[in-house]
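Quick notes on the structure that follows.
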Amino acid sequence: MEAHYPKYLLYCLLIAGSWLFSCLLHFQYVHLSLSSSFAAAPRRAALVVLPAALDASFLPAPAVEAADDKRWSASSSVVAAASPSPSSSPSSCEGRYVYMLEIPSRFDMLRDCVPGSPLFDDIWSWCAITVNAGLGPKINGSAGGDTIIPSTGWYSTDQYALEVIFHNWMRHRYDCLTSDPSAATAVYVPYYPALELHQHLCGYNAAARDGPSQAFLRWLSSQPTWAALAGRDHFMVAAKTTWMFRHDPAGGGDNGGCGNNFLGQPESSNMTMLTYESNIWAPLDIAVPYPSYFHPSSAGEVSAWQARARASPRRFLFAFAGARRAKGQLAIRDRVFDVCESAAAARGTCGLVDCSHGLEGSITCRTAGKLVALFASARFCLQPRGDSFMRRSSVDSVMAGCVPVFFHRASTLEAQYRWHEPAAEQGGDGGGRRRRRYYVLLDADDVLEGRVDIEEELSRYSDEEVAEMREEVIRMIPRFLYRDPRVRFEGEMRDAFDITMDGVMERMRRIKNGEDVTLKGVVNDGDDAMAAAGDS
């Protein structure tokens with residue numbers, strides 16, 4: 001028996017070790033299970049952080065599916081994103097959560113814009129404007145003296161691309177997206193009403209122009225997110241002027257005019273609509289700036305451009321870029337043309353880019369290098385109304401540090417862009433500072449009837465006065481530009497995106513508090529409310 005003692009001892013030790021090992025495994029399993037259970041517990045607001053875009057194109061549309069309710073919105077593809085960005089936290093997102101709605105593929109205007117499609121090479125296809133997340137083709141400027149445009153941050157951006165740009169910015173750069181609609185302060189609707197309208201802008205019957213958008217609104221109003229506030233917490237970007245979406249079928253016959261009645265529908269009236277120009281006599285939608293050609297990725301780029309605009313020689317007293325209208329339909333434009341041509345020929349005091357010559361003129365006036373070079377070489381930039389009161393040219397003049405000259409109060413930045421052009425802003429020391437006047441307003445009737453001479457009126461401003469106005473314009477540049485949505489911005493700067501979202505969030509909070517958010521008209525012009533449908 002004694003001879004077998006070591007063997008039995010070894011058996012006991014093995015049994016005891018196996019038992020201890022089993023206990024350890026069981027404890028670890030229970031621990032992991034509990035940890036997993038707690039980790040999987042639902043949270044009230046799941047922060048969705050989106051990765052930076054890895055390519056230079058807009059999100060590819062999914063392959064055409066038989067199922068009509070195939071989702072294409074980014075929100076469904078990023079719900080499983082990793083962890084919050086270091087720059088955001090639940091506390092910083094309090095009251096700023098946004099739920100991005102998922103849109104059925106049948107309403108996706110970019111479903112044909114798939115990688116390798118020949119549509120990207122067609123300048124008349126909207127696929128072409130989606131390049132670089134909607135910014136358009138990069139402009140190969142130079143840091144040398146051969147062009148005013150720098151080598152980075154500038155793109156040939158289509159004026160109607162904001163729907164695409166804004167969608168990309170929300171997907172990639174807005175830090176407070178949530179996958180829980182009940183936790184959201186606002187619901188973003190990534191539908192592109194301007195691109196939808198563009199395919200049958202003019203000359204179609206009312207059913208063709210209004211049918212698709214009405215079908216979308218019927219779908220939208222049937223969604224669970226709509227029920228709580230009848231859509232009053234929803235917002236959308238519509239990248240045309242308000243007048244293009246307020247065509248009254250009864251006023252122009254079945255085939256009359258251009259545009260549709262998208263903003264005249266009850267559902268649209270409930271939402272916060274961001275357009276390029278609002279009806280400031282009876283404002284329901286809110287105007288946000290046209291996109292410029294400048295989309296920086298750092299505060300340093302902005303400061304460098306401001307310095308360049310500040311130092312640019314201003315050899316012209318005033319400048320104008322635009323087209324005449326057929327049959328003298330816009331008398332103020334004809335007068336501006338006549339004045340500029342006369343001043344250029346006699347004294348060389350006006351710079352002109354004429355966009356009147358069909359396709360060639362249209363391409364000329366979409367060439368960023370020519371426009372920016374012109375505006376950066378003039379003291380004043382004339383902004384007569386076009387088919388509507390607001391013009392992209394007004395934003396381009398701000399980017400170039402050129403003092404805008406308006407002929408209708410409804411065209412001014414303070415009348416249209418109330419969120420982006422404040423009456424006062426904070427000085428560097430934190431104290432309030434009343435803003436100096438940065439624009440000139442001439443009465444169109446006075447100009448047309450000969451009571452005011454444009455060149456004479458602008459010549460009255462001293463060098464010091466012009467320098468002060470131009471400095472105010474240059475200070476406004478960050479507020480009117482849209483950053484590159486594909487990269488994380490370096491440095492501190494508030495741009496048009498930030499200001500827009502601040503305005504949307506404040507508006508939504510007031511709506512949910514039961515406050516009246518109806519905007520009041522800000523002009524008392526002699527101009528009638530716009531009857532013409534069109535874009536400037």
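Quick one: what are the phi-derived ³J(HN,Hα) couplings along segment 156-166, Karplus 6.51/-1.76/1.60 with θ = phi - 60°, whole Hz, x for glycine and proline?
So the Karplus estimates, Gly and Pro as x, are 7, 7, 5, 5, 9, 8, 5, 4, 6, 4, 5 Hz.
Between V189, P150, I139, whose Cα lies farthest towards the positive end of the dipole of segment 121-204 when Lys and Arg beta carbons carry +1 and Asp and Glu beta carbons carry -1, centred on the Cα centre?
Positive-most Cα among the choices belongs to P150.
Can you give the accessible area per residue of segment 269-406, in Å², using a 1.4 Å probe?
Details: 4400 Å² over 138 residues.
Here the per-residue accessible area is 32 Å².
Between K240 and residues 5 or more places away or on another chain, which pairs have amide H atoms under 5 Å apart, with H built 1.01 Å from N, and which residues are they?
Close amide H contacts, sequence-distant or interchain: Y276.
Per residue, how many Å² of accessible area does segment 149-223 show with a 1.4 Å probe? Mind showing how you got there, number by number?
Details: 1970 Å² over 75 residues.
Per-residue value: 26 Å².
Quick query: amide H of C258 versus all other amide H atoms, modeled in the peptide plane; which residues come in under 5 Å with a sequence gap of 5 or more or a different chain?
A533
The values are calculated or read from the model by the stated rules, or taken from the named source; none is laboratory data. Note that the structure is a prediction, hence the values are computed from the model and not measured. For neighbour counting, all protein chains shown are included, and Cβ atoms are generated from backbone atoms with ideal geometry for every residue, glycine included. SASA here: full protein model, heavy atoms, side chains in, ligands and nucleic acids out. Shrake-Rupley method; radii C 1.70, N 1.55, O 1.52, S 1.80 Å.
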